[in-house]
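**Student:** Encoded as structure tokens, here's the structure I'll be asking about.
The values are calculated or read from the model by the stated rules, or taken from the named source; none is laboratory data. Every value quoted in this text rests on a predicted model; they were computed, and no experiment measured them. Cβ placement follows ideal geometry from the backbone for every residue including glycine, while neighbour counts extend to all protein chains displayed.
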Amino acid sequence: MKILVAVKRVIDYNVQIRVKEDGTGVVTDNVKMSTNPPDDNAIEEAVKIKEAGKATEIVAVTIGEEKAQETVRKALAVGADRGIHVKIDGIVEPLAVAKILQKIVDKEKPDLVFMGKQAIDDDCNQTGQMLSALLNWPQATFASKIDIKDNKLEIIREIDEGLETIEVNVPAVVTCDLRLNEPRYASLPNIMKAKKKPIDELSAADLGVDAAPRVQQIKVEEPPKRKAGIKVSSVAELVQKLKNEAKVI
Amino acid sequence: MSILLIAEHNNKELRPFTLNAITAASQIDSDVHALLIGNNCSEVAKALSEIPLVKKVIQAEASHYENFLPENFAPLVVKASENYSHVVSSANTFGKNLMPRIAALLDTSQVSDIIKVISPDTFIRPIYAAMHLQLLKAMIQKNA
């Protein structure tokens, strides 16, 4: 079984995000970037499956600017066999990402495609579902447990009402929840070894995908600040304020 | 143009988040049609028809719709959405599972998790885990 894992480079989850003064986006200069956390879970799961002898090859793919290659390198350092970097600048919308991944799938013919359930920057939660629609493959979103059974997967999904168990046929697209596993750290020798693993470089144009945005971002702003609370001295005052100011009773 | 709203339910009753989606849909255009897909879900259809903002209920029943699988729902919604400008659903795990599949089949981008409708093509949505707000203008017509 061959697994393709898609990874995205985002602002590190520990960074305090700041909005640019002109409202055109968020500050990314001199900000620590890293792999989107649920994508780390996706890589980890693929590596575990390979370690269990159920996968033969793991290919890590990323789509983005020059430096996005770091995320592929990191995936190689924790166990992926080779990488693909589709170079493209600016915002790439989930639909364009799905179309690019579709072309990669056509080329690589993996049995499974893994990725995080959503990116922590734009919080879209769309790419996996879109890819699965374009490929006409089954989808298993928000996976928190994956069991491989012959040519099927038994997957436990995290949904609002609790947990849902589904069975999907292979090939399939699986999007991973943070609860799926605990991603490992790359060891220094493996980081060194990863530098020698091959990464193919492509462009969206090479793949014949129109990645032009369909949605325009007008501005990014901070949410309204929550007003400070006030203290009341008596129950009577509280009731009076609830009645006349808040008008809730 | 009219709005197609996909109702979330459990074949017996409507899920409350659908009501939020109905209100949001009505802010885009007042002609909201609810699409109900399921199995033996007539009670839900009745409940939907009693909501004042819903102008029309379209009910689709089949045994393979019983478990709300997006692989089965998406082709039906794509077909049903032909005469609508927007497709709207709740932004919970039901909508998140289903809507991108529909958007991809329609070859349109999707606007996820909207918290405010500014105009039929302009929305506000949270980004960075709701730490910041993004004002978007969709250059396409079908949104989720």
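**Student:** Of all residues in segment A:9-53 being basic (Lys, Arg) and more than 14 Å from every other protein chain (Cβ to nearest Cβ), which is surrounded by the fewest Cβ atoms within 10 Å (Cβ to Cβ)?
**Tutor:** Initial filter on segment A:9-53 (basic (Lys, Arg)): A:9, A:18, A:20, A:32, A:48, A:50.
Cutting the leftovers down to more than 14 Å from every other protein chain (Cβ to nearest Cβ) gives us A:9, A:32, A:48, A:50.
On the way: A:Arg9: 23, A:Lys32: 9, A:Lys48: 16, A:Lys50: 19.
Selected residue: A:Lys32.
**Student:** Quick check, is B:Ser49 out of contact with any helix residue (DSSP H, G or I) (no Cβ under 6 Å at 6 or more places or on another chain), of a type in the set (S, T, N, Q), free of Cβ contacts under 8 Å to residues at least 40 places away in the same chain and farther than 23 Å from B:Asp113 by Cβ?
**Tutor:** Yes: the conditions hold for B:Ser49.
**Student:** Which of the residues spanning segment B:48-86 are in a helix (DSSP H, G or I), surrounded by 15 or more Cβ atoms within 10 Å (Cβ to Cβ) and either among the charged types (D, E, K, R) or over 17 Å from the mean Cα position of the chain (by Cα) (or both)?
**Tutor:** B:Glu71
**Student:** Evaluate the following for A:Lys195: is it among the charged types (D, E, K, R), under 19 Å from A:Val113 (Cα atoms) and away from chain B (no Cβ under 12 Å)? Full working, then the answer.
**Tutor:** Numbers: among the charged types (D, E, K, R): yes; under 19 Å from A:Val113 (Cα atoms): no; away from chain B (no Cβ under 12 Å): yes.
In short, no.
**Student:** Return yes when B:Ser30 is small (Gly, Ala, Ser), over 24 Å from A:Val174 (Cβ atoms) and modelled with pLDDT under 95 and no when it is not. Break it down into steps so the answer makes sense when it comes.
**Tutor:** On the way: small (Gly, Ala, Ser): yes; over 24 Å from A:Val174 (Cβ atoms): yes; modelled with pLDDT under 95: yes.
Considered against the rule, which asks whether it is small (Gly, Ala, Ser), over 24 Å from A:Val174 (Cβ atoms) and modelled with pLDDT under 95, B:Ser30 comes out as yes.
**Student:** Looking at segment A:149-183 only, could you name the residues that are touching a residue at least 12 places away in the same chain (Cβ under 8 Å) and hydroxyl-bearing (Ser, Thr, Tyr)?
**Tutor:** The one that is touching a residue at least 12 places away in the same chain (Cβ under 8 Å) and hydroxyl-bearing (Ser, Thr, Tyr): A:Thr175.
**Student:** Here's another thing I want to ask about it. Enumerate the pairs (first residue in segment B:68-93 and more than 10 Å from chain A (Cβ to nearest Cβ); second residue anywhere and hydroxyl-bearing (Ser, Thr, Tyr) and outside any loop (DSSP other than H, G, I, E, B)) with beta-carbon separation below 9 Å, excluding pairs fewer than 6 apart on the same chain, so at least 6 apart or on different chains.
**Tutor:** Cβ pairs passing all conditions: B:Asn72/B:Tyr65; B:Phe73/B:Tyr65; B:Leu76/B:Tyr65; B:Val87/B:Ser81; B:Ser89/B:Thr18.
**Student:** Of the residues A:Ala172, A:Ala204, which is of a type in the set (A, V, I, L, M) and away from chain B (no Cβ under 14 Å)?
**Tutor:** Details: A:Ala172 fails: away from chain B (no Cβ under 14 Å).
Answer to the check: A:Ala204.
**Student:** Considering only segment B:10-26, state which residues are crowded, with 17+ Cβ neighbours inside 10 Å and either more than 12 Å from the chain's Cα centre (by Cα) or of a type in the set (S, T, N, Q) (or both).
**Tutor:** Those that are crowded, with 17+ Cβ neighbours inside 10 Å and either more than 12 Å from the chain's Cα centre (by Cα) or of a type in the set (S, T, N, Q) (or both): B:Asn11, B:Leu14, B:Arg15, B:Thr18, B:Ser26.
**Student:** Return the only residue of A:Arg73, A:Arg18 being in contact (Cβ under 8 Å) with a residue 24 or more places away in the chain, among the charged types (D, E, K, R) and out of contact with any Cys (no Cβ under 7 Å at 6 or more places or on another chain). Steps first, answer last, please.
**Tutor:** On the way: A:Arg18 fails: in contact (Cβ under 8 Å) with a residue 24 or more places away in the chain.
Exactly one residue qualifies, and that residue is A:Arg73.
**Student:** Residues to consider are A:Ile148, A:Ile120; find the one that is surrounded by fewer than 23 Cβ atoms within 10 Å (Cβ to Cβ) and more than 30 Å from A:Arg18 (Cα to Cα).
**Tutor:** On the way: A:Ile120 fails: more than 30 Å from A:Arg18 (Cα to Cα).
Of A:Ile148, A:Ile120, the one residue that is surrounded by fewer than 23 Cβ atoms within 10 Å (Cβ to Cβ) and more than 30 Å from A:Arg18 (Cα to Cα) is A:Ile148.
**Student:** Oh, and also: I'm told A:Lys231 meets every condition in (1) in a loop (DSSP other than H, G, I, E, B); (2) in contact (Cβ under 8 Å) with a residue 12 or more places away in the chain except one. Can you identify the failing condition by its number?
**Tutor:** Every condition holds for A:Lys231 apart from (2).
**Student:** Same structure, new question: Got at least one residue in segment A:157-173 being part of a loop (DSSP other than H, G, I, E, B) and under 29 Å from A:Lys74 (Cα atoms)?
**Tutor:** To start, the set of residues in segment A:157-173 that are part of a loop (DSSP other than H, G, I, E, B) comprises A:160-161, A:170-171.
Narrowing the set further to residues that are under 29 Å from A:Lys74 (Cα atoms) leaves A:170-171.
Yes, the conditions are met somewhere in segment A:157-173.
**Student:** Working carefully through the options A:Val105, A:Val61, A:Val72, find the one that is out of contact with any Phe, Trp or Tyr (no Cβ under 8 Å at 6 or more places or on another chain), modelled with pLDDT of 95 or more, among the hydrophobic types (A, V, I, L, M, F, W, C) and part of a strand (DSSP E or B). Give the derivation first.
**Tutor:** Details: A:Val105 fails: part of a strand (DSSP E or B); A:Val72 fails: part of a strand (DSSP E or B).
Being out of contact with any Phe, Trp or Tyr (no Cβ under 8 Å at 6 or more places or on another chain), modelled with pLDDT of 95 or more, among the hydrophobic types (A, V, I, L, M, F, W, C) and part of a strand (DSSP E or B) holds for just one of A:Val105, A:Val61, A:Val72, which is A:Val61.
**Student:** Are there any pairs with C-beta distances below 7 angstrom linking a residue in segment A:208-221 that is within 19 Å of A:Ala98 (Cβ to Cβ) and facing chain B (nearest Cβ under 7 Å) to a residue that is part of a loop (DSSP other than H, G, I, E, B) and of a type in the set (Ser, Thr, Tyr), with the two at least 6 apart or on different chains, and if so which?
**Tutor:** Between residues of segment A:208-221 that are within 19 Å of A:Ala98 (Cβ to Cβ) and facing chain B (nearest Cβ under 7 Å) and residues that are part of a loop (DSSP other than H, G, I, E, B) and of a type in the set (Ser, Thr, Tyr), the close pairs are A:Arg214/B:Thr108; A:Arg214/B:Ser109; A:Val215/B:Ser109.
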